[in-house]
Amino acid sequence: MLSTQGIYYSIGKKEILKNISIDFLPGEFNMILGPNGSGKSTFLKVFSGEIKPSKGEVFVDNKALSTIKKEALAKVRAVMTQQPELSFPLSVEEVVMMGRYPHFDFNPAKKDEIICAEAIEKMQIVHLKGRNYLTLSGGEKQRVQFARVLAQIWEQPASGNRYLFLDEPLANLDINYQQEFLKLAKALVQFKTVLVAVMHDINLAVQYADKLFFLKAGELVVSGTPSAILSEKIIKEVFDVDTRIITNPVDGTPFMLYV
Amino acid sequence: MLQKNKYFFTVLVLILIIMLLCAVSFGAVSIRISEMFSAVWHFVKSEKPANIYEAVFLQIRLPRVLLCAVTGAILSASGVLMQGLFRNPIVEPGLVGTSAGAAFGASVVFVLSAGMAPHIKAITGPFLVPLFAFAGGLLATYIVYSLSKNMRKVSITSLLLIGIAVNAIGLSGTGFMSYLARDPQARSITFWSLGTFSGATWSQFFITAVVAGIIFIIALRYSKQLNALLLGEEEASYLGVDTDRLKRRVMIINTAMVSVATAFVGVISFMGLIVPHVLRLLIGSDNKKLLPASMIAGAVLLTLADLGARLLLAPAEIPIGIITSFVGAPIFILLLKKFDILQEKGGFYA
């Protein structure tokens, strides 16, 4: 379980995050939603361990994050950021192998190579294996990065959970890959995985999320299952837009229309 | 892929061997292979060299060529490390002030030690120059790095501009030292700010080679982490890399090897720029391959440049820094131009 307790974060006088306490449970697809500047990405950086909160603590399987070594954490926690860019040419295969870096010392073991091959297959990028990463399209890069992140936490740890955090993972994907991607991520959840994604598209989020967390101006406004909390009033409060919510005829989930 | 790389390294090493043999053989006096063997034979039996050719080979040509090869390897390796650190292909020790700072540090010792008591000088001499060069180089690199860094990203424009300023300070400092100096040292300093191997000795070669060897092994250990840094600092840190520690350490080992080389042979620019760039296009950017390949190729290229320095105006000699700048600067301009055009398309190598 990933648990944030009383997280505050400020830059100078400006408070970016205010008193956020959330428990992210394994086996659920957790999604964080909110308007630009609501502190979503900053919050993700805090519970990923990239930045230290000004106040409060993050607990990973009941251990304080600040006491866990970076190297050890990297074996069970992977983060996909928005469009990482390479500064020099590397092949797709080499980029995916980076996901195994926390697991080997100098030369990759046979196991690492097998895992990379499987991750590459899973993301349907076998045909891109030898290509220079820098020449790929935005969507192809995204799939390569996801293969890298998958490879990083491919095996379930002997004890505890593995953690996968995604920061707006769908930004550059075509619609068919968006669906594919969310199905794949959701399938991971069954295997002792704590999955948290910062999302942009509310309807897509509702379709796949087990729990939604709405952030506004650095504060947690409301959280719960989509069908329980999604309402026209909440969307108005968080995003300041008028909407109508109907039932999605395909799967019965709530569906939002703009008016 | 791996097979192709093995082949690549074999060819590279063969070229290096041929290059070294050529460099030892050609010069103001040419030396035949048979003379090289007999010189080594006489040396092994601790006899005196049989003739002037063997003496030239053992005492002048061989240490010079070897020092040159090691220096070329160091400068190219430094290019790889610094480009990885700055995440930018146009960085090299001559441009970001490392070499100029090191030259200044060394020149201070060079001039001031003239007034030292001979027995102190004898003890501190061989170590004081590289040590001061290291201090100067580290200070200069640190200034350029910290000033050009803006919000965790290195801005190329400010990097180059601050590099120019720090280089100017280093060079004017070296110039001032040469102004203070009496004639013999002064001549060395001017000569030295352009780079030369004319005074190469065996002890210089051994010190440089040992430093280069040790640092190469350390740097290779960091190759995986440097690869991760290619993704960006945040992503590298998610892969378990302590990026601040990595940057500190790489900067120190890089400055150490460049300073030692600069202390003995002066400022040689653009080597660290050309070699890694060409190799990235050939074998990609995996530092585990790029680092050793750059060192071998750098050794080849600098030996070739030194051969040019000795032969072009023979029997007179051109400072080698002039040759590398003459060839390297146009390539640098081309790189900048290319960078300008391709920046929007996602960078250099797309």
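The values are calculated or read from the model by the stated rules, or taken from the named source; none is laboratory data. These figures come from a predicted structure and were not determined experimentally. So basically every Cβ, Gly included, is an ideal-geometry build from the backbone, and we count neighbours across all protein chains shown.
Suppose we filter A:M31, A:M98 for residues that are more than 11 Å from chain B (Cβ to nearest Cβ) and buried (at least 23 other Cβ atoms within 10 Å of the Cβ); which single one remains? Break it down stepwise before answering.
On the way: A:M98 fails: more than 11 Å from chain B (Cβ to nearest Cβ).
That would be A:M31, the only listed residue that is more than 11 Å from chain B (Cβ to nearest Cβ) and buried (at least 23 other Cβ atoms within 10 Å of the Cβ).
Residues in the range A:33-59 that are in contact with a strand residue (DSSP E or B) (Cβ under 8 Å, 6 or more places away or on another chain), within 28 Å of A:S231 (Cα to Cα) and among the small types (G, A, S): A:G34, A:S38, A:G39, A:S41.
Checked against (1) surrounded by 19 or more Cβ atoms within 10 Å (Cβ to Cβ); (2) farther than 30 Å from B:H277 by Cβ, A:I125 meets all criteria but (2). Looking only at residues in the range A:125-153 that are in a loop (DSSP other than H, G, I, E, B) and without any contact (Cβ under 8 Å) to a residue 40 or more places away in the chain, the one that is farthest from A:N176 (Cα to Cα) is A:G130.
Which members of the range A:49-63 meet the condition of being under 20 Å from A:R162 (Cβ atoms), part of a loop (DSSP other than H, G, I, E, B) and either without any contact (Cβ under 8 Å) to a residue 40 or more places away in the chain or at the interface with chain B (Cβ under 10 Å from one of its Cβ atoms) (or both)? I'd like the intermediate steps shown before the answer.
The first filter runs over the range A:49-63 and keeps only residues under 20 Å from A:R162 (Cβ atoms), leaving A:49-50, A:58-63.
Now narrow it down to the ones that are part of a loop (DSSP other than H, G, I, E, B): A:49-50, A:61-62.
Answer for the range A:49-63, where residues must be under 20 Å from A:R162 (Cβ atoms), part of a loop (DSSP other than H, G, I, E, B) and either without any contact (Cβ under 8 Å) to a residue 40 or more places away in the chain or at the interface with chain B (Cβ under 10 Å from one of its Cβ atoms) (or both): A:G49, A:E50.
Would you list the helices (runs of 4 or more DSSP H) that sit entirely within the range B:200-292 and hold 2 or more residues that are touching an Asp or Glu at 6+ places or on another chain (Cβ under 7 Å) and over 22 Å from B:F8 (Cα atoms)? Lay out the reasoning, then the answer.
Working: elements: B:202-221, B:223-229, B:233-238, B:243-265, B:271-283.
Here the list reads B:233-238.
Out of curiosity, is A:A209 under 10 Å from A:E28 (Cα atoms) and either crowded, with 19+ Cβ neighbours inside 10 Å or modelled with pLDDT of 90 or more (or both)? Full working, then the answer.
Details: under 10 Å from A:E28 (Cα atoms): yes; either crowded, with 19+ Cβ neighbours inside 10 Å or modelled with pLDDT of 90 or more (or both): yes.
Here the answer is yes, as A:A209 does meet what is asked.
Taking the listed residues B:Y238, B:Y179, B:Y222, the one that is at pLDDT below 85 and either within 14 Å of another protein chain (Cβ to nearest Cβ) or over 30 Å from B:I60 (Cβ atoms) (or both) is B:Y179, with no other qualifying. When only residues in the range A:64-85 that are more than 9 Å from every other protein chain (Cβ to nearest Cβ) and assigned to a helix (DSSP H, G or I) count, which is nearest to the chain's Cα centre (by Cα)? Checked the range A:64-85; the qualifying residue nearest to the chain's Cα centre (by Cα) is A:V76.
Quick one: would you say A:F106 is within 14 Å of chain B (Cβ to nearest Cβ), more than 15 Å from the chain's Cα centre (by Cα) and not in a helix (DSSP H, G or I)?
Working: within 14 Å of chain B (Cβ to nearest Cβ): yes; more than 15 Å from the chain's Cα centre (by Cα): yes; not in a helix (DSSP H, G or I): yes.
Yes: the conditions hold for A:F106.
The residue that is surrounded by the fewest Cβ atoms within 10 Å (Cβ to Cβ), counting only those in the range B:205-218 that are over 13 Å from B:A69 (Cβ atoms) and in contact with a helix residue (DSSP H, G or I) (Cβ under 6 Å, 6 or more places away or on another chain), is B:I218. Number of residues in the range A:1-21 that are modelled with pLDDT of 90 or more and over 13 Å from A:G218 (Cα atoms) equals 4.
Among the residues of the range B:24-38, those that are surrounded by fewer than 17 Cβ atoms within 10 Å (Cβ to Cβ) and touching a residue at least 24 places away in the same chain (Cβ under 8 Å) comprise B:F26, B:A28, B:V29. Against the numbered list (1) exposed (fewer than 14 other Cβ atoms within 10 Å of the Cβ); (2) more than 10 Å from chain B (Cβ to nearest Cβ), A:A117 comes up short only at (1).
If I ask for residues that are among the basic types (K, R) and either in contact (Cβ under 8 Å) with a residue 40 or more places away in the chain or closer than 12 Å to A:V194 by Cβ (or both), which ones from the range A:1-48 would you list? Answer for the range A:1-48, where residues must be among the basic types (K, R) and either in contact (Cβ under 8 Å) with a residue 40 or more places away in the chain or closer than 12 Å to A:V194 by Cβ (or both): A:K18, A:K40.
For the range B:61-85, which positions are crowded, with 24+ Cβ neighbours inside 10 Å and within 14 Å of chain A (Cβ to nearest Cβ)? Matches in the range B:61-85: B:G79, B:V80, B:L81, B:M82, B:Q83, B:G84. For the range A:129-160, the candidate set comprises residues that are away from every other protein chain (no Cβ under 12 Å) and among the hydrophobic types (A, V, I, L, M, F, W, C); within that set, the residue that is farthest from the chain's Cα centre (by Cα) is A:A158.
Across the range A:35-48, what is the total count of residues that are more than 14 Å from every other protein chain (Cβ to nearest Cβ) and farther than 15 Å from A:L166 by Cβ?
Residues that pass the stated criteria total 5.
I need a count of the residues in the range A:113-123 that are in contact (Cβ under 8 Å) with a residue 24 or more places away in the chain and not small (G, A, S). Show your work before the answer.
From the range A:113-123, those in contact (Cβ under 8 Å) with a residue 24 or more places away in the chain are A:115-116, A:118-120, A:122-123; that's our starting set.
Now restrict to residues that are not small (G, A, S): A:115-116, A:118, A:120, A:122-123.
Here the count works out to 6.
Look through the range A:225-255, keep the residues that are among the polar types (S, T, N, Q) and either in contact (Cβ under 8 Å) with a residue 24 or more places away in the chain or touching a helix residue (DSSP H, G or I) at 6+ places or on another chain (Cβ under 8 Å) (or both), and return whichever of them is farthest from A:I32 (Cα to Cα). Let's see the steps before the verdict.
Within the range A:225-255, the first condition is being among the polar types (S, T, N, Q), and the residues that meet it are A:225, A:227, A:231, A:243, A:247-248, A:253.
Now drop any that are not either in contact (Cβ under 8 Å) with a residue 24 or more places away in the chain or touching a helix residue (DSSP H, G or I) at 6+ places or on another chain (Cβ under 8 Å) (or both), which leaves A:227, A:243, A:248, A:253.
Working: A:S227: 15, A:T243: 19, A:N248: 21, A:T253: 18 Å.
Applying the filter and picking the extreme gives A:N248.
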